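One structure below.
The values are calculated or read from the model by the stated rules, or taken from the named source; none is laboratory data. Everything numeric in this text was worked out from a predicted model, so none of it was measured. A quick note on method: Cβ atoms are made from the backbone with ideal geometry, for glycine too, and the neighbour counts reach across all protein chains shown.
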Amino acid sequence: MANPPVCRIMDYGKWKYEAAQQAKESRRKSVAVAIKEMKYRPKIGVGDFTTKTRQVEKFLGQGHKVKVTIMFRGREMQHPELGQRILDRVAEAVTHLGRVEVFPKLDGRNMIMVLAPDKRAKAAWEKAKAEAEGASIENGSAAPDETAPAESPVVEGGDAA
């Protein structure tokens, strides 16, 4: 303690206002992470799988966590390895955007896995993608004039049938 005691004379209204402004600023900077859910079935088709996985990639790209659920029915419960295989494929497809936070586990008739966005993996993937595009432009493989289709000759007059 200081001797003699030191005190500061303050404007209480100004202090309250500044404290409120700081609290407001910190709330504005915070990000609410929602958990989105995507449900798959063990006998999912290729088109449905790609569509749902694309949606999972979109959610991870927006910074949300994704709960991937495999729903089993009837005798499908006898083959949980099919659900495990689908979850592994989903995790493999989104490694550039996220990581597995909760590994696959059986929960009643459902198998659940949680994916979380991974900023480092996303940054590394985008960097590698940019380098690959830069290399293809340097090699001249992406020249727009060379890849344009040749125009078909126009025949004037009469039917070609």
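Note on the stretch 62-87: among residues that are under 30 Å from SER30 (Cα atoms) and either surrounded by 14 or more Cβ atoms within 10 Å (Cβ to Cβ) or acidic (Asp, Glu) (or both), the one that is modelled with the lowest pLDDT is GLY63.
Against the test of being modelled with pLDDT under 90 and in a helix (DSSP H, G or I), the options ALA91, ALA124 yield a single qualifying residue, ALA124. Within the stretch 88-103, the set of residues being within 12 Å of LYS52 (Cα to Cα) and either β-branched (Val, Ile, Thr) or surrounded by 18 or more Cβ atoms within 10 Å (Cβ to Cβ) (or both) comprises VAL90, VAL94. From the list VAL66, VAL100, the one residue that fits, being of a type in the set (A, V, I, L, M, F, W, C) and without any contact (Cβ under 8 Å) to a residue 24 or more places away in the chain, is VAL100.
Among the residues of the stretch 108-121, those that are surrounded by 12 or more Cβ atoms within 10 Å (Cβ to Cβ) and either at pLDDT 80 or above or assigned to a strand (DSSP E or B) (or both) comprise ARG109, ASN110, MET111, ILE112, MET113, VAL114, LEU115, ALA116, PRO117, ASP118. Summed over the stretch 38-61, residues that are under 21 Å from the mean Cα position of the chain (by Cα), closer than 17 Å to PHE72 by Cβ and exposed (fewer than 13 other Cβ atoms within 10 Å of the Cβ) total 2. Restricting attention to the stretch 24-63, and to residues there that are assigned to a helix (DSSP H, G or I) and in contact (Cβ under 8 Å) with a residue 40 or more places away in the chain, which single residue is farthest from ALA123 (Cα to Cα)? Among residues in the stretch 24-63 that are assigned to a helix (DSSP H, G or I) and in contact (Cβ under 8 Å) with a residue 40 or more places away in the chain, the one farthest from ALA123 (Cα to Cα) is PHE49.
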